[in-house]
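This report concerns only the one structure given below.
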2 protein chains.
Amino acid sequence: MKYTIFLLAVLLSVSISAQTDAENIKKIYDASLSNGKSYEWLDYLSNGIGGRLSGSENAERAVQYTKAEMGKLGFDKVWLQPVMVPKWVRGNPEEAHIEMSNGKAIKVNICALGGSVATPDSGVTAEVIEVQGIDELEALGEAKLKGKIVFFNRPLDPTLINTFSAYGGAVDQRGGGARAASKYGAVGAIVRSMNLRLDDFPHTGGTRYGDQPVNERIPTAAISTNDAELLSKTLKTDTKVKFFFKQNPKQYDDVLSHNVIGEITGSEFPNEYIVVGGHLDSWDLGDGSHDDGAGCVQSMDVLRLLKLSGIKPKRTIRVVMFMNEENGLRGGTEYARVAKEKNENHIFALESDSGGFTPRGFIFDSNEERFNKVLQWKSLFEPYLIHFFGQGGSGADIGPLKSDSIVLAGLRPDSQRYFEYHHTSIDTFDAINKRELELGAATMTSLIYLVDKYGF
Amino acid sequence: MKYTIFLLAVLLSVSISAQTDAENIKKIYDASLSNGKSYEWLDYLSNGIGGRLSGSENAERAVQYTKAEMGKLGFDKVWLQPVMVPKWVRGNPEEAHIEMSNGKAIKVNICALGGSVATPDSGVTAEVIEVQGIDELEALGEAKLKGKIVFFNRPLDPTLINTFSAYGGAVDQRGGGARAASKYGAVGAIVRSMNLRLDDFPHTGGTRYGDQPVNERIPTAAISTNDAELLSKTLKTDTKVKFFFKQNPKQYDDVLSHNVIGEITGSEFPNEYIVVGGHLDSWDLGDGSHDDGAGCVQSMDVLRLLKLSGIKPKRTIRVVMFMNEENGLRGGTEYARVAKEKNENHIFALESDSGGFTPRGFIFDSNEERFNKVLQWKSLFEPYLIHFFGQGGSGADIGPLKSDSIVLAGLRPDSQRYFEYHHTSIDTFDAINKRELELGAATMTSLIYLVDKYGF
């Protein structure tokens, strides 16, 4: 009898706890959808500041702006964490055209890939050889590639439901195409934009020369998907077609920048740290609204939404605006280095860096035991149409925190539209839907609430 | 032993069947995402034809276009089902402004509600009384309302995750506001647009006078959400503010139009009918891409996607482009009438009329037994991030088919953006994402495949 009463008491307390959680999560969503700040902050970050490439004046303005805004949110402490970042500047607008063997020139849309070297002042003009991937280069060899422009034209696979998987299956051409082609004497590399849609916007993004001597590096640019199709079609009928492109980006010495960090000390377990963040830097073509202004402002609203819902953190929560995700990951690396140096016990980190679209769930990087704990919370998210709790990833900036004792997580918004905007001139504030952004902020806050309450 | 072998054989066949279903559904999604036709058709319907209000020349062009396109798809039969539809024409662009008591006029954005009568040629000018709903009118009475313009300003509830619920909670003002206000002597009704976002686009949509004599009807228009906020704010400081609006829509006699129907006869159960469709008519302000061009072209692609996936229907499948969902439901009503008259055994009907956004699931109107059967298929959709199988609705056009023996269903796309476009001048093709549209077509086709294979 005693046992039965005890069991009933336990069941009742579990049930009350689940009910309280459901109620608190409802409060969080209500607060975000009726009284969220994320959209207003993003408006300023995007329209008031704009593109925030590491080392730029805008990146510095974004650091100062988010520090000032976080200063108003009731954190116990807001500070800047110094970090040296690369500084690459695009320079003049790029020029490019297809030169038919009959002398006709067709202008096309390109943009230098991030980190690329410049062409000579007069540009590069050469015959073009189209490939579907880096692995084709070896068979072609220097005989076919020397003096040529290599055109990497393998498209993203449209049948993959998660567009990040499609991106992952093609992006090696952007990251490694130029370096690989240069080994066979190519003089330039043109890469089909990482875009599932056919349109006219070239997509930038980092290319990697690694330790290659600067004088051996060849210039590389992305071409819009429409123009990639055009170039490919032209090559089929006119094998002597040439390609011209001209760009003058420049790599400067590293400069000082900062991660922006706000912290509220936990009331019960101040030595257990929970991180939530996004990256403050962006590429330079658009204003970085989806990548990753959205993740920053959603993270900034977490503490505010908890407060509006009457929830006081038991563990120490840090909101981090990471610097330099796009071309160096220096901010994420430095944050993890300092955390390790100070022996801070980070139990959980959540990043939003997949756009400000309708949230669909989370992806976790965790051991099985902790993932199973997380799965117990899944049903609490169903009223908000959050159904996906997957395993095998998180976010680039929080990756360096990985250890046996931490759970890493990434917000997973709907991915269908993301690669239309990613790294382009149209990743701008008008592509953001206020409700979708706010739903993301509420979804993140709800997970933070549960982790803070129950720990691991 | 025999029993065990039998059981194993059954389990094996269930397992093989599930595997085949998973493979066939994968083929359907692959076909839609790499070789779908829905986007191309919608481009023509939206950009080649445009808004398709019932009774308009464009509606007739859409009937002819979809009939011709369906004629190329290998149906056994494509035909037009005659139906008389209302014809309402907006007339000249509407004019409206707020008249401050100091004489200052502020121009605002309105549009006549569908079915509204005209104002006098010189417009209507009157003092404004703001209410949050029809139920406030009685207490105000003729004393407060006579000679006034009633301003219905209850907003959509932003905390509801399903925006259709938010719409449902406010749309009575649009449908019944004018009629209700006229009973107390009001001379006009202005209704806040059915939009969760603050912007400048007024949203049209039907208003209902019912059997009210024409000479007692008062003109009614929607005002953009930004201007509704402005008018409300102005009324708080200037109680003598007047509102002016002018519009000259006209209701004509009913005209002949058509549902467009394509049919393929089932190989095993030709007398069991499955319907999939959307509505071909739209409002007149935009080009009706989301409402409901999307649903039409997704339905048109169902048979094609089945064929590309090597699936031959066992039951008779009808693709129906319903006419006149927006202001009369004459097409849906007539389709059901004829089906009943011919004693056709309709077992299932699926409608897509919630926009061309990323599909999230379905809503079903069914008895419990059949719904439980449907639930067994749910896991087959999970690889495509389709998680929502709900109960309690379907689609307006298929509603008249309701009986004890049919399952009705509606595609449920992500609803967050829908009410930014719904019934406005910005419901246009550029608001459509190709992949999202194609995912919807594949999701519908997959459900049709399962219903066709297993029946009810």
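Whole angstrom only: what separates the Cα centroid of region B:132-208 from the Cα centroid of region B:378-456?
29
Where does the protein assembly as shown land on Rg/Rh, using Cα atoms and the Kirkwood Rh?
With Rh from the inverse mean 1/r over Cα pairs, Rg/Rh is 0.99.
How well do other chains shield peptide A:408-415, expressed as the mean number of their Cβ atoms within 10 Å of each residue Cβ?
1
Search the structure for amide H atoms under 5 Å from the amide H of B:Val255, placed 1.01 Å from N in the peptide plane, and list their residues when 5 or more places away or on another chain.
Correct list: B:Val85, B:Lys87.
Compute the label-point distances linking A:Glu382 to its equivalents in the other copies; points lie 7 Å from Cα along Cα→Cβ; give nm, one decimal, shortest first.
Nearest first, the other copies' label points are 1.3 nm away.
For region B:326-331, in order, what is each residue's ³J(HN,Hα) by Karplus, 6.51 cos²θ - 1.76 cosθ + 1.60 with θ = phi - 60°, in whole Hz (x at glycine and Pro)?
Karplus-based 3J(HN,Hα) across region B:326-331 equals 5, 9, x, 6, 5, x Hz.
Can you give me the solvent accessible area of A:Cys111 with a 1.4 Å probe, rounded to the nearest 10 Å²?
Looks like 0 Å² after rounding.
How far, in degrees from 0 to 90, does helix B:225-237 lean away from the longest principal axis of the Cα atoms of chain B, to the nearest 10?
Roughly 30 degrees between the two axes.
Can you tell me the dipole magnitude for region B:311-456 around its Cα centre, using point charges on the Cβ only (Lys, Arg +1; Asp, Glu -1), in Debye to the nearest 20?
The dipole magnitude comes to about 620 debye.
Please give the calculated 222 nm ellipticity per residue for the protein assembly as shown, where each DSSP H segment of at least 4 residues contributes -39500 (n - 2.57) and the sum is spread over every residue; nearest 500 deg cm²/dmol?
-10500 deg cm²/dmol
For region A:29-84 and region B:225-296, write down the distance between their C-alpha centroids in whole Å.
The two parts, judged by their Cα centres, are 41 Å apart.
Quick one: pull the percent of accessible area on region B:319-363 belonging to carbon and sulfur, 1.4 Å probe, ligands and nucleic acids left out.
Roughly 45 percent, rounded to a whole number.
At a 10 angstrom cut-off on C-beta neighbours, averaged per residue, how do the peptides B:164-173, A:249-258 rank from highest to lowest?
B:164-173, A:249-258
So, how do all the Cα-to-Cα distances of region A:123-225 break down into 5 Å bins, in percent, from 0 on up?
Taking every Cα pair in region A:123-225, the percentages come to 2, 14, 24, 24, 19, 10, 5, 1, 0.
Computing the accessible area with a 1.4 Å probe over protein heavy atoms, can you report the carbon and sulfur percentage for region B:91-248?
C and S fraction of accessible area: 50 percent.
Please work out the C-alpha center-to-center distance from region A:105-128 to region B:319-355 and express it in whole Å.
Cα centroid of region A:105-128 versus Cα centroid of region B:319-355: 57 Å apart.
Cα extents of chain A along the three principal axes, largest first, in whole Å?
Here the spans come out as 93, 42, 38 Å, largest first.
Given a 1.4 angstrom probe, what's the average accessible area per residue across chain A, in square angstrom?
It amounts to 39 Å² per residue over chain A.
What accessible area, summed over both chains, is buried at the B-A interface (1.4 Å probe, Å², nearest 100)?
2600
Taking a ≥ b ≥ c as the square roots of the eigenvalues of the Cα gyration tensor of region B:325-456, is the shape rounded (a/c under 1.5), prolate (a/b larger than b/c) or oblate?
It is oblate, given that a/c is not under 1.5 and a/b is not larger than b/c.
Would you check the accessible area of A:Leu308, probe 1.4 Å, heavy atoms only, in square angstrom rounded to 10?
The value for A:Leu308 is about 90 Å².
How big is the charge dipole of chain B about its Cα centre, in debye rounded to the nearest 20, if each Lys and Arg gets +1 on its Cβ and each Asp and Glu gets -1 on its Cβ?
It comes to approximately 380 debye.
At 1.4 Å probe size, what's the solvent-accessible area of A:Arg217? Round to the nearest 10 Å².
Surface accessible to solvent at A:Arg217 totals approximately 70 Å².
Rounded, prolate or oblate: which fits region B:179-286, taking a ≥ b ≥ c as square roots of the Cα gyration tensor eigenvalues, rounded meaning a/c under 1.5, else prolate when a/b beats b/c?
Prolate, since a/c reaches 1.5 and a/b exceeds b/c.
The values are calculated or read from the model by the stated rules, or taken from the named source; none is laboratory data. This one's a predicted model, so the numbers in the text were calculated from it and none came from an experiment. Cβ: placed from backbone, ideal geometry, glycine included. Neighbour counts: every protein chain shown. Remember, those area values only see protein heavy atoms, side chains included, never the ligands or the DNA or RNA. Shrake-Rupley method; radii C 1.70, N 1.55, O 1.52, S 1.80 Å.
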